[in-house]
Amino acid sequence: MAKIGFIGLGNMGGPMVANLIAAGHSVAAFDVVPAATERAVASGAVAAESGAAAAAGAEVVITMLPAGKHVRSVYLSDDKVIETVADGTLLIDSSTIDVATARDVIAVAADKELEMIDAPVSGGVGGATAGTLTFMCGGVDSAYKRAEPILAAMGKNIFHAGGPGSGQAAKVCNNLMLAIEMIAVSEGFLLAEKLDLDAQKLWDIASTATSQCWAMTSYCPVPGPVPTSPANRGYEAGFTVAMMLKDLKLSQEAAGSVGASTPLGEHATRLYDAFAGKGDNAALDFSAIIEQIRAG
């Protein structure tokens, strides 16, 4: 079993750490928010005083950080993880960041003869708790093969998308499509409401017809049809408007970098940006977008 340093816990890190420990690994954890570190400690981790301290002596380092600048800071400048870890340490970055930064940091690690993958994650707190997360991985084959059993302790679906940066590419493409689908499903159910068509009847039909998609069958944005949807929990925050907006902005940055045209992605980005600016609604799960559409 491995000695793991976990840097950047957020809301998902605590249950992810718990699953790593349940699988027999030991974990030293650090987050700039003390409460996040405390949750990991409650799951069985040892608290580290800094990112560098969490990485010290680790066989595997896992990071989950807000943005590319934080990844560069932890690995290259402030904590200098790449310079300070022992030879042979495996580096796994599960942040959702821009493709260019992922490739740059992995290249620096390779220059130091360290194996590293980008492995952004999907599944939210529920998936982290249940150990059913999806990891989209980018990196050389040998690095992926080393990382796979570690990720398997936290996730159910683990994919090797390709070379360095491919995990981030997969995540940004997936969430671009999801954002657009969520808007479409929300507009469809709102139109049904105005046409006096029962939401359950529409769901029964559409969920088996040509408009079927995850946003409808697993995350339906209106109360009733899907009991586990946030719509049946008062739109309790899970994956927030702000989080989706971040991913959409990354998608537009990626599209611009390769000259790709994504007009629906551009429109979705503007729409989510407008919703994220509406005060308390920025804290609502993104499925509450239908309530924003209804309110105009």
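Closer than 22 Å to Leu133 by Cβ, open to solvent by 30 Å² or more (accessible area, probe 1.4 Å) and in contact with a Leu (Cβ under 6 Å, 6 or more places away or on another chain): does that describe Glu59?
No: the conditions fail for Glu59.
Tell me, which residue of the stretch 62-101 that is out of contact with any helix residue (DSSP H, G or I) (no Cβ under 7 Å at 6 or more places or on another chain) and crowded, with 24+ Cβ neighbours inside 10 Å is farthest from Phe135 (Cα to Cα)?
Ile62
Take the conditions open to solvent by 50 Å² or more (accessible area, probe 1.4 Å) and free of Cβ contacts under 8 Å to residues at least 24 places away in the same chain and apply them to Glu49. Does it pass? Spell out how you get there, then give the answer.
Values: open to solvent by 50 Å² or more (accessible area, probe 1.4 Å): yes; free of Cβ contacts under 8 Å to residues at least 24 places away in the same chain: yes.
Yes, satisfied.
If you take the residues in the stretch 221-248 that are without any contact (Cβ under 8 Å) to a residue 60 or more places away in the chain and either in contact with a strand residue (DSSP E or B) (Cβ under 6 Å, 6 or more places away or on another chain) or of a type in the set (Lys, Arg) (or both), which one is surrounded by the fewest Cβ atoms within 10 Å (Cβ to Cβ)? Quick ask: steps written out before the conclusion?
Within the stretch 221-248, the first condition is being without any contact (Cβ under 8 Å) to a residue 60 or more places away in the chain, and the residues that meet it are 223-237, 240-243, 245.
Checking which are either in contact with a strand residue (DSSP E or B) (Cβ under 6 Å, 6 or more places away or on another chain) or of a type in the set (Lys, Arg) (or both) leaves us with 230, 233, 235, 237.
On the way: Pro230: 22, Arg233: 14, Tyr235: 21, Ala237: 19.
Result: Arg233.
Quick test for you: out of Gly10, Gly5, Gly44, Gly24, pick the one residue that is closer than 23 Å to Asp87 by Cα, in contact (Cβ under 8 Å) with a residue 12 or more places away in the chain and in a loop (DSSP other than H, G, I, E, B).
Unique residue meeting the criteria: Gly24.
Filter the stretch 102-129 down to the residues that are at pLDDT below 95 and not in a strand (DSSP E or B), then identify the one that is surrounded by the fewest Cβ atoms within 10 Å (Cβ to Cβ).
The extreme case among them is Gly126.
Run down Gly68, Gly57, Gly88 and say which single residue is farther than 12 Å from Gly5 by Cβ, of a type outside the set (Lys, Arg) and more than 24 Å from the chain's Cα centre (by Cα).
Checking each option against the conditions leaves just Gly88.
Looking at (1) under 18 Å from the mean Cα position of the chain (by Cα); (2) open to solvent by 60 Å² or more (accessible area, probe 1.4 Å), can you tell me which one Leu191 breaks?
Only one criterion in (1) under 18 Å from the mean Cα position of the chain (by Cα); (2) open to solvent by 60 Å² or more (accessible area, probe 1.4 Å) is unmet by Leu191, namely (1).
Please give the number of the condition Ser218 fails out of (1) open to solvent by 30 Å² or more (accessible area, probe 1.4 Å); (2) among the hydroxyl-bearing types (Ser, Thr, Tyr); (3) over 20 Å from the mean Cα position of the chain (by Cα).
Evaluating Ser218 over (1) open to solvent by 30 Å² or more (accessible area, probe 1.4 Å); (2) among the hydroxyl-bearing types (Ser, Thr, Tyr); (3) over 20 Å from the mean Cα position of the chain (by Cα) leaves (3) as the failure.
Say we look at the stretch 255-296 and pick out the residues that are in a loop (DSSP other than H, G, I, E, B), modelled with pLDDT under 65 and not small (Gly, Ala, Ser); which of these is surrounded by the fewest Cβ atoms within 10 Å (Cβ to Cβ)?
Looking at the filtered set, the residue picked out is Lys278.
The values are calculated or read from the model by the stated rules, or taken from the named source; none is laboratory data. Since the structure is predicted, the reported quantities are computational estimates derived from the model, not experimental observations. Cβ atoms come from the backbone with ideal geometry, glycine included; neighbour counts cover every protein chain shown. Please note that ligands, DNA and RNA were not included when accessible areas were found on the heavy atoms of the full protein model with its side chains. Shrake-Rupley method; radii C 1.70, N 1.55, O 1.52, S 1.80 Å.
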